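First up is the structure itself, then whatever we jot down about it.
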Amino acid sequence: DENVTVEISIYGDYTAYGQIQKYIEEKGYELVSGGFEQIPNVDLKEVTAEQRATLDKLTGMLEDDEDVTNVYTTLAPEA
């Protein structure tokens, strides 16, 4: 037998957290971590390649700061 580790993310309404957790455990899967993350309900912003490079550098610097726990943007994913 080979141990295979698969990591997945499940998104749902925060009020269903307990139901989701119970379902996962009933199916025999190990729930390693769980939590809440607010997903903004806004239009994502398109930027030029130059703007993206600048913003990527800025968000990278923020993420590297030990006092910063999370960095959020409204940038659309790169195409």
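Read-outs: derived from the displayed coordinates by stated rules, not from any lab. Values in this document were obtained by computation on a predicted structure and should not be read as measured data. Every residue, glycine as well, gets a Cβ built from its backbone with ideal geometry; the counts of neighbours run over all protein chains shown.
Listed by chain and number, the lysines placed with their C-alpha closer than 22 angstrom to that of Lys45 are Lys57; residues fewer than eight positions away on the same chain are left out. What the Cα convex hull of the stretch 1-43 gives, in volume per residue, is 89 Å³.
Extension gain for Gln51 to Val68 (0.36 nm times residue separation, less C-alpha to C-alpha distance): 3.9 nm. Taken over the C-alpha atoms, the stretch 5-79 has Rg and Dmax values of 16.9, 48 angstrom.
Multiplying the residue separation of Glu30 and Asp43 by 0.36 nm and removing their Cα-Cα distance gives an extension gain of 1.2 nm.
Fewest neighbouring Cβ atoms within 10 Å first, the residues Ile8, Ile20 line up as Ile8, Ile20.
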